[in-house]
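Down below is the structure, laid out as structure tokens.
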Amino acid sequence: MERAFLDANVLFSAAYKTNASLTRLWQLSGVETVTPAYAVEEATRNITLAKPDRLSALQDLLMQTRVISDPAQFPDLPKTIDLKTKDRPILAAAIAERCHYLITGDKTDFGSYYGQTVRGVLILPPGEFIRLYNQRP
């Protein structure tokens, strides 16, 4: 089973639009979606502010996602990883959970790491992950 760690922006984007193509993430066979409680809080806060009628869609996606508690301590990231303080826990938690992928639409902060593997976690935007996974034999 492949584990895909989801950033808050992926949760938000998948819930925001009716029939969003991102919901395909939850339909991929052999993929377990994982996210931390703080990403759930962020996505919930943002969807409530932007489009409160879509909160139930977010809750439906979360029922299909393993939500992990916020770790008391994160593993150290390699010194070559230059992320903002707010983004470091996302990558660190994906590593701590031994996820295979970190799926994030945050191109500003993670874009320079797209396609790179950091301590066993391949960082990809959602569309690229879906394409890659669908091309597997």
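Taken together, the criteria place SER56 among residues that are free of Cβ contacts under 8 Å to residues at least 12 places away in the same chain and more than 17 Å from VAL121 (Cβ to Cβ). When you scan the range 81-102, how many residues do you find that are at pLDDT below 90, more than 12 Å from the chain's Cα centre (by Cα) and assigned to a loop (DSSP other than H, G, I, E, B)? Selection size over the range 81-102: 6.
Residues that are of a type in the set (Asp, Glu), closer than 25 Å to ALA93 by Cα and at pLDDT 95 or above do not occur anywhere in the range 46-54. Take the residues in the range 82-112 that are under 22 Å from GLU32 (Cα atoms) and of a type in the set (Ser, Thr, Tyr), then tell me which one is surrounded by the most Cβ atoms within 10 Å (Cβ to Cβ). Going through the qualifying residues, I end up with THR104. Residue count for the range 23-34 under the criterion of being part of a helix (DSSP H, G or I), of a type in the set (A, V, I, L, M) and surrounded by fewer than 23 Cβ atoms within 10 Å (Cβ to Cβ): the result is 0.
Table: residues versus (1) out of contact with any strand residue (DSSP E or B) (no Cβ under 7 Å at 6 or more places or on another chain); (2) of a type outside the set (S, T, N, Q); (3) in contact (Cβ under 8 Å) with a residue 60 or more places away in the chain.
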{"site": "THR18", "(1), (2), (3)": "yes, no, no"}
{"site": "ARG45", "(1), (2), (3)": "yes, yes, no"}
{"site": "LEU83", "(1), (2), (3)": "yes, yes, no"}
{"site": "ILE103", "(1), (2), (3)": "no, yes, yes"}
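For GLN135, the conditions (1) out of contact with any strand residue (DSSP E or B) (no Cβ under 9 Å at 6 or more places or on another chain); (2) under 22 Å from ALA37 (Cβ atoms) are fulfilled apart from (2). So, in the range 38-80, exactly how many residues are assigned to a helix (DSSP H, G or I), surrounded by fewer than 17 Cβ atoms within 10 Å (Cβ to Cβ) and acidic (Asp, Glu)? Number satisfying all stated conditions: 3. Residue count for the range 1-16 under the criterion of being touching a strand residue (DSSP E or B) at 6+ places or on another chain (Cβ under 8 Å) and either surrounded by fewer than 24 Cβ atoms within 10 Å (Cβ to Cβ) or under 16 Å from PRO52 (Cβ atoms) (or both): the result is 5. Considering GLY127, GLY115, GLY105, the condition of being closer than 21 Å to THR18 by Cα and outside any helix (DSSP H, G or I) is satisfied by GLY105 alone.
The values are calculated or read from the model by the stated rules, or taken from the named source; none is laboratory data. Predicted model only: the values in this text are computed from it and were never measured. All Cβ positions, even for glycine, are placed from backbone atoms using ideal geometry, and neighbour counts span all protein chains on display.
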